[in-house]
Amino acid sequence: MTKLIVDGIEVDVPPEYTLLQACEVAGAEIPRFCFHERLSIAGNCRMCLVELKGAPKPVASCAWGVRDCRPGPNGEPPQVFTRTPTVKKAREGVLEFLLINHPLDCPICDQGGECDLQDQTMVYGVDSSRFHENKRAVPDKYIGPLVATKMNRCIHCTRCIRFVTEVAGVPDLGAIGRGEDMEITTYLEQAMRSEIQANVADLCPVGALVHKPQNYNMRPWELAKTDSVDVMDAVGCAIRVDTRGREVMRIMPRVNEAINEEWISDKTRQVVDGLRLQRLDRPFIRENGRLRPASWQEAFTAIAGRVRGVPPNRIGAIVGDLAAVEEIFALKLLMQALGSPNLDCRQDGTVLHPAYGRASYLFNATIAGIENADAILIVGANPRIEASLLNVRIRKRWRQAPLPIGLIGERADLTYDHEYLGAGPDTLNELVGGRLGFAETLRAAQRPLIIVGQGALSRPDGLAVLALAARAAQTFGAVAEGWNGFGVLHTAAARVGALDLGFVPGEGGLDAAAMARAGSLDVLFNLGADEIDIGPGAFVIYQGTHGDRGAHRADVILPGAAYTEKSGTYVNTEGRVQMANRASFPPGDAREDWAILRALSDVLGHRLPFDSLAQLRQRLYAAHPHFAAIDQIAPSDGAAAVDALAKLGGTLTAEPFVSPILDFYLTNPVARASRVMAECSAIAHGRHLEAAE
């Protein structure tokens, strides 16, 4: 530790700290524009100037290391001053220069009310300028459908450039020109290609980059803010849902060091318009091949009429990817009351099962634990599109100290250097047998991490692949005291919670694929399962939010609440229990899913044992106590689960692994209803070029 005196306050800080960090430890507020805790130091804006005793002029505290400070003539600790007249004059001068070319269009700027330049000018600025020449004019650039440019406002802090280069790993932005002629742009003004590109608008301190879908639509002081959890993938990013009245206006990231730090994916952020388009807002009943609006009582009566007299083994239930734990638990209780063993949450056909132990289907190393790995093997996954923020964490670890990363599966640009080992199970088998050079790399690692994706598990030989991956974990020492490097990467937000509840076929029960086959069931409850094709024959009760694939096949539609319209529990891929809070209300006659199931159970003659969400959770926590530990990861049976998997064996096929995510932007009903996501998808796949031609 190094001793410093900041404004008369003595502090001990690590020598690798900058003066800016040391001043903040002492409680001093240091203004900044270019500095960001998660980006490299640029030292562009000079707003963070402080006075260092003995220095001939004010120094940029963001770029001056504590270890570079010289002690006094008698060995006294270095002294830093942040509130002297010299510092005040320096900051006023910096702001005067920054405002020379700034258009001062605060009344129409989307950044107004959340603008760093606005805030710091109020505190450190002066009320006049000595610059009377014409202001610089910079043409706006097209950089994609998610971020709008207002480049007259740019102060060249380069946060956006550093983000796409360092964090996103897709260096689409750069600077051309010098001095006053410097401009931030993409190559040939093309759209940015990163799945997390919209974070640059959050980073921009002046409104030069703003979120295009929300441009001129709202003001920050109009919005009510609700903390929640993202369900667009299984990472469980911390988000904030901003609403105006009953309408969700935008989704922003929250800081969560254990999961997403302070970033979110573009799909998470801009799926907002999909929450209000193509919504189911009333019950429907199919008559003579056509759906007609109905009352709740009519819908329940129709369901009761079809369920009455049907043998329990001819009734089934499938749970989709966006369902919360509460409604899954309620549906399971209802199916148990009906006596049916046919229930499944794995609509993609994955082989994961709670019978093998909880550690058999969790990302056991945890997302933050990726930073402790010293070698990584990715099997049947493309983390960049399946879990963008988890991929960001892998890249962060790779940037800290490049480590060996091997990939078995589809070739992909993962934004970091990696060794492509092969396409399918044969390669994994050779690796476990020691016939590939990467095997020695894994064996030499102290904390190897093996990531198994759904592309390896959602196939006929998935169980054999899972067993082989477990043997790889044993062979290379991935499971040891204090480290469990065997991890399953999920793509569905509801999957881990449903597996924790045991929402899988009972004895003699059918799985999702079998239930979807024509003629296998008489009645099928579909709780938001829109990624599976259900054959003819069964009477399908679809409970969901959008007029997607499930609603098209339904005989009765029960409109439910989206994830922003209900309070629900979700469990992410690492097993962390999280709570999503209600930010708005469902449209029309739509209701929360647990309440629909509770009301339906009355009509079916099997009343569920709760009348409120609190009572439901009381029953849930009694049956599964770990759901009560919000933001915690319950201890799992690590080594035992991996050992049990390794003993399963099975026959492998030669088919290559294929990622289950065919289109990053259109993975669920909410995203498919979004016009913004449709535009992003068209750009990603070149369809906008074909349309233009």
On the basis of being in contact with a Leu (Cβ under 8 Å, 6 or more places away or on another chain), part of a loop (DSSP other than H, G, I, E, B) and more than 16 Å from Ala201 (Cβ to Cβ), does Val248 make the cut?
no
Expected single match for at positive phi and modelled with pLDDT of 95 or more among Gly357, Gly380 is Gly380
How many residues, within the stretch 120-129, are assigned to a loop (DSSP other than H, G, I, E, B) and in contact with a helix residue (DSSP H, G or I) (Cβ under 7 Å, 6 or more places away or on another chain)?
3
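Matching residues to (1) modelled with pLDDT of 95 or more; (2) of a type in the set (A, V, I, L, M, F, W, C):
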{"residue": "Gly433", "(1), (2)": "no, no"}
{"residue": "Gly453", "(1), (2)": "yes, no"}
{"residue": "Pro460", "(1), (2)": "no, no"}
{"residue": "Glu481", "(1), (2)": "no, no"}
{"residue": "Val488", "(1), (2)": "yes, yes"}
{"residue": "Gly497", "(1), (2)": "yes, no"}
{"residue": "Gly508", "(1), (2)": "no, no"}
{"residue": "Leu521", "(1), (2)": "yes, yes"}
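Pick from Ala42, Ala90: which is at pLDDT 90 or above, closer than 16 Å to Val206 by Cβ and not hydroxyl-bearing (Ser, Thr, Tyr)?
Ala42
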Restricting to the stretch 102-111, what's the tally of residues that are open to solvent by 60 Å² or more (accessible area, probe 1.4 Å) and in a helix (DSSP H, G or I)?
2
When (1) open to solvent by 30 Å² or more (accessible area, probe 1.4 Å); (2) touching a strand residue (DSSP E or B) at 6+ places or on another chain (Cβ under 9 Å); (3) among the polar types (S, T, N, Q); (4) not in a loop (DSSP other than H, G, I, E, B) are applied to Thr185, the one that fails is (1)
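Results for (1) assigned to a strand (DSSP E or B); (2) within 18 Å of Arg384 (Cα to Cα), shown as yes or no for each residue.
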position: Ile196; (1), (2): no, yes
position: Asp202; (1), (2): no, no
position: Gly207; (1), (2): no, no
position: Met218; (1), (2): no, no
position: Asp233; (1), (2): no, yes
position: Asp242; (1), (2): yes, no
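Listed here are the residues, each with its yes/no results for (1) part of a loop (DSSP other than H, G, I, E, B); (2) open to solvent by less than 60 Å² (accessible area, probe 1.4 Å).
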{"position": "Val80", "(1), (2)": "no, yes"}
{"position": "Lys89", "(1), (2)": "no, no"}
{"position": "Ile100", "(1), (2)": "yes, yes"}
{"position": "Gly113", "(1), (2)": "yes, yes"}
{"position": "Gln118", "(1), (2)": "no, yes"}
Of residues in the stretch 59-74 being open to solvent by 40 Å² or more (accessible area, probe 1.4 Å) and not polar (S, T, N, Q), the one farthest from Arg159 (Cα to Cα)
Pro73
Show the residue pairs meeting these rules: Cβ distance below 9 Å; 6+ apart or different chains; first residue within the stretch 500-513 and more than 16 Å from Ala330 (Cα to Cα); second residue open to solvent by 20 Å² or more (accessible area, probe 1.4 Å) and in a helix (DSSP H, G or I).
Gly506/Gln336; Gly508/Asn313; Gly509/Asn313; Leu510/Asn313
Would the stretch 278-286 turn up any residue that is open to solvent by less than 10 Å² (accessible area, probe 1.4 Å), free of Cβ contacts under 8 Å to residues at least 60 places away in the same chain and more than 19 Å from the chain's Cα centre (by Cα)?
no
Considering only residues that are in contact (Cβ under 8 Å) with a residue 60 or more places away in the chain, surrounded by 15 or more Cβ atoms within 10 Å (Cβ to Cβ) and over 34 Å from the mean Cα position of the chain (by Cα), which ones fall in the stretch 120-146?
Tyr124
Restricting the first residue to the stretch 417-438 and requiring it to be part of a loop (DSSP other than H, G, I, E, B), which pairs with a second residue that is open to solvent by 40 Å² or more (accessible area, probe 1.4 Å) and basic (Lys, Arg) meet a Cβ separation below 9 Å and a spacing of at least six or different chains?
Ala423/Arg411; Gly434/Arg443
Out of (1) modelled with pLDDT of 95 or more; (2) surrounded by fewer than 16 Cβ atoms within 10 Å (Cβ to Cβ), the one His626 does not meet is (2)
Residues of the stretch 611-625 being polar (S, T, N, Q) and farther than 14 Å from Asp593 by Cα, in sequence order, are Gln615, Gln618
Determine the pairs where a residue that is over 19 Å from Asp602 (Cα atoms), located within the stretch 289-318, has a partner that is aromatic (Phe, Trp, Tyr) and open to solvent by 30 Å² or more (accessible area, probe 1.4 Å) with Cβ atoms under 9 Å apart, the partner being 6 or more residues away or on another chain.
Leu291/Phe284; Arg292/Phe284; Pro293/Phe284
Please go through the stretch 52-78 and pick out each residue that is outside any loop (DSSP other than H, G, I, E, B) and among the acidic types (Asp, Glu).
Asp68
Pairs where the first residue, in the stretch 240-256, is more than 13 Å from Thr226 (Cα to Cα) and the second is among the aliphatic types (A, V, I, L, M), C-beta under 6 Å, 6+ apart:
Asn256/Ala238
Just one of Ala302, Ala317 is farther than 30 Å from Glu371 by Cα and either of a type in the set (Ser, Thr, Tyr) or touching a Leu at 6+ places or on another chain (Cβ under 6 Å) (or both); which is it?
Ala317
Output the number of residues of the stretch 539-562 satisfying the condition of being in a helix (DSSP H, G or I) and open to solvent by 10 Å² or more (accessible area, probe 1.4 Å).
3
Anything in the stretch 131-160 that is at pLDDT 90 or above and farther than 17 Å from Gly207 by Cβ? List them, or say none.
Tyr142, Gly144, Pro145
From the list Pro402, Pro341, Pro383, Pro425, which residue is under 30 Å from Thr651 (Cα atoms), open to solvent by 10 Å² or more (accessible area, probe 1.4 Å) and not charged (D, E, K, R)?
Pro341
State all residues of the stretch 633-686 that are surrounded by fewer than 19 Cβ atoms within 10 Å (Cβ to Cβ), in a helix (DSSP H, G or I) and over 26 Å from the mean Cα position of the chain (by Cα); if no residue qualifies, say none.
Ala639, Ala640, Asp643, Ala644
Is one or more of the residues making up the stretch 35-44 in a loop (DSSP other than H, G, I, E, B), farther than 27 Å from Cys154 by Cα and of a type in the set (S, T, N, Q)?
no
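The values are calculated or read from the model by the stated rules, or taken from the named source; none is laboratory data. Owing to the predicted nature of the structure, the values given are computational and were not obtained by experimental measurement. Virtual Cβ from ideal backbone geometry, glycine too; neighbours counted across all protein chains shown. Calculation scope for accessible area: heavy atoms of the full protein, side chains included, ligands and nucleic acids excluded. Shrake-Rupley method; radii C 1.70, N 1.55, O 1.52, S 1.80 Å.
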